[in-house]
Amino acid sequence: MGWIEFGHDDATTARIAALAEQIAHHSHLYYNEATPEISDAEFDALWDELKSLAPNHPQLRRVGAPVPPGSVKVEHRFPMRSLDKATGDDEVAHFVAETTAHGRRFVAQPKLDGSALSLEYRRGRLVRAATRGSGERGEDVTGNALRIPNIPDRLSWGGDCHVRGEVVMHLDVFREKYAEIAPNPRNLAAGSLRQKNIEAGKGDAADLTFHAYDVHFIPNEEKHPDSPDAPEFENDSESLSWLRKIGITPAEEVVVEGENDEDTTQALLIQTERWTQERETSAWELDGVVFKLDDLAKRELLGQTAHHPRWALAWKFPPEESTTVLLDIDWQTGRTGTVTPVSRVAPVVVSGVTVENTTLHNAGEVERLGISIGDKVRIVRRGDVIPKIIESLGPAKSSDIEGRFHADGEPFTGELPNPRSPQIPTHCPECSTELKMDGAFLRCFNLSCPARLTRSILYWCRALEMDGIGEKLVEQLCDVGLVKTIPDLYRLTSEELQSLERMAEKSATNVMNQLDNTRELPLDTFLFALGLPRIGPELATVFAGEICTMGNLLALTEDDQERLVAIDGVGDTVVDLLMTGISDRSAILEDFNQILTITDVARTEAPSGPLTDLSFCITGTLSRPRKEIALKIKAAGGKVVSTVSGKLDFLVAGENAGSKLEKATRLGVNVLSESDWEEMLQP
Ligand code: IVH
């Protein structure tokens, strides 16, 4: 098995260091000083040798001088323009009529609702990634762009080009990791690109995906003499296929065409309908459909205004909003002690869904909106995961709540509440502990708060994929006092479980089995499942890679703080959260240490190992949580992806694997059982 990377001998280690140093030196001369000392071929030979000896060497992911995000402005070689917008069918017809002299064939793509990014490749290597900014100048975000899994640092074409696209966050990832801390995936995508550290509240660029919609080439007379000439395309659709071939993921596209204007308009409107439907199940937030003339020469003829090209149109989904009445505000304590306001509103249909509760995000938001109970409010579900109140329209009248129905079709019989200002609670609604403000958030710091306990237990169970233990069961267990801390779960007996309402022997056995399967777990999984504020799976892995053993975790002191902050991409805030989280839970951690087997994690030197450069997708029922498998793959240098494509190296398939297994077999992707996979991990 030639791809396995064994430990290096001294001579190889020295060679790797020398290569990295030379590449850093020559990259600087080439990219920053424009005074190369060696030929491209010589440079490529150094690069290729380093790649073969240490495929994950950080120098291979570095070009020129990496700069902190946001500190350097980038002049766009090709301005990043906006798009002309439309919402009505007649505007689409108008656009067709205006462009029709130049052709009736259009590329239709979903308009992805994320953050625009420009990738500059020189001689096939990513040298700069920049945000859109003003369209003329953006911010250098190269370091973070390199963390985005589907952005290659090297193309399979060795030329000079600028690739443009949208960076988005998968909605599943948003819901799982960020829904509590950010209003929508778009803000997170923008924040993650520009943040300086893997830091609280902003998201991690590694959770983003890039979809290209455009490519520009440096004119042949200006490009580097050793770079190949720019390919020549007649149509945009050809350039998108070409991008796919050189390693870039283009946004999905279809080419639509018609015989005459009316026919063409109809063909475009079919796309707006199709995407309106697909929006519901789309993995990413969309805000419309972009139509672009396919013929590139004709685009040139049409030209652009200062604001937008004349050959493109963004058709936007109609805003999904409605008005209703704010009936009350409830305050709920979550796992990390954050007390979140939830508004109760008179039932209202927003984009086909009956809404009766909406989140107000945090205490600061209530103040910012200046809403009162009894107000008529404007509520929007603009592809956002949860509908939001965006403004107060003043005191409501009783006619504002007439003729409303609950989701089950029953008429709404509630009355207009007495107008009153919302009271931000001073004490926890669950345990009455005095609350404290923490930025815009209101928090309960009582670790034994019952609301925090049930939420933490659920988080633990979800993190370890114990899906037999749901909200009802956890509430029952806590209510009857069988479980007072997470470790108590592991002291439950089958008889105790069966003594609960609606708990038959079979379900009790299922719960016991699920608990038994998680009695042994590695430190990184443990740290994640513990659910410390803002410490998700990635940060847990990063910390576990430094702390390594449960013994070290229990013995963490302030002296370790510096070492943890020194980890690449980790900031002070999260280290503080880790330290306080651990010291506040010292008794529980001792208890865990007695009752569970928490296995050591190897120190993270560099993310390279037996699985370096290999991609994996995981499917089916396996003997341990998928997250644990994913973390192991990453720790061994591999990459974990969520979809099966021809490029995938391995599918790890457990029992009852379905469509992914089918697709992998069809595409000839290697399929591994869990034990095959375990074997691969062996050095
Ligand atoms: S084409 C000349 N295609 O929408 C501009 N843009 O409102 C070429 N966007 O800044 C852009 N999805 O960031 C294009 N499939 C798509 C898009 C798309 C999202 C964004 C893009 C642009 C903004 C304009």
Inset, instruction - Would you work out which of 173, 265, 230 lies farthest towards the positive end of the dipole of the range 159-265, given +1 charges on the beta-carbon of Lys and Arg and -1 on that of Asp and Glu, about the Cα centre? - result: 173
Inset, instruction - State, as an integer percentage, the relative contact order of the range 364-419 based on alpha-carbon contacts under 8 Å between residues 6 or more apart. - result: 34
Inset, instruction - Would you mind calculating the relative contact order of the range 630-683 from Cα pairs under 8 angstrom and at least 6 residues apart, reporting the percent as a whole number? - result: 32
Inset, instruction - Please arrange 175, 81 by accessible surface area, largest first, computed with a 1.4 Å probe and ligands excluded. - result: 175, 81
Inset, instruction - Please give the solvent-accessible surface of residue 115 in Å², to the nearest 10, using a probe radius of 1.4 Å with every protein chain present. - result: 20
Inset, instruction - Based solely on C-alpha atoms, express the radius of gyration and the Dmax of the range 130-231 in angstrom. - result: 15.8, 51
Inset, instruction - Report the net charge of residues surrounding residue 378, where surrounding means a beta-carbon distance below 9 angstrom and charges are Lys +1, Arg +1, Asp -1, Glu -1. - result: -1
Inset, instruction - Give, rounded to the nearest 20 debye, the magnitude of the charge dipole that the chain has about its Cα centre when Lys and Arg contribute +1 at Cβ and Asp and Glu contribute -1 at Cβ. - result: 780
Inset, instruction - Leaving out ligands and nucleic acids, note down the accessible area per residue over the chain with a 1.4 angstrom probe, in whole Å². - result: 47
Legend entry - the range 549-566 - phi-based ³J(HN,Hα) in whole Hz, Karplus 6.51/-1.76/1.60, Gly and Pro as x: 10, 5, x, 5, 5, 5, 9, 4, 10, 4, 4, 7, 3, 4, 4, 6, 5, 6
Inset, instruction - Enumerate the lysines that residue 376 could reach by cross-link, defined here as Cα to Cα under 22 Å, with residues fewer than 8 away along the same chain left out. - result: 388, 397
Legend entry - Solvent-accessible area of residue 169 with every protein chain in place, 1.4 Å probe, in Å² to the nearest 10: 0
Legend entry - Net charge contributed by nearby residues that have their C-beta within less than 13 Å of residue 420 (K/R +1, D/E -1): -2
Inset, instruction - For the chain, calculate the relative contact order in percent as a whole number, restricting contacts to Cα pairs under 8 Å that are 6 or more residues apart. - result: 11
Legend entry - Proximal lysines relative to residue 472, as straight alpha-carbon distance under 22 Å, when same-chain residues fewer than 8 apart are discounted: 484, 506
Inset, instruction - With the full set of protein chains in place, find how many percent of the accessible area of the chain is carbon and sulfur; take the probe as 1.4 Å. - result: 48
Legend entry - Local net charge near residue 398, Cβ-Cβ under 15 Å (Lys/Arg +1, Asp/Glu -1): -1
Inset, instruction - Report the accessible area of residue 16, computed with a 1.4 Å probe over the heavy atoms of all protein chains in place, in Å² rounded to the nearest 10. - result: 20
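The values are calculated or read from the model by the stated rules, or taken from the named source; none is laboratory data. As the structure is a computational prediction, the values presented were derived from the model and not from experiment. A quick note on method: Cβ atoms are made from the backbone with ideal geometry, for glycine too, and the neighbour counts reach across all protein chains shown. Just so you know, the surface numbers come from the protein's heavy atoms only, side chains and all, with ligands and any DNA or RNA stripped out. Shrake-Rupley method; radii C 1.70, N 1.55, O 1.52, S 1.80 Å.
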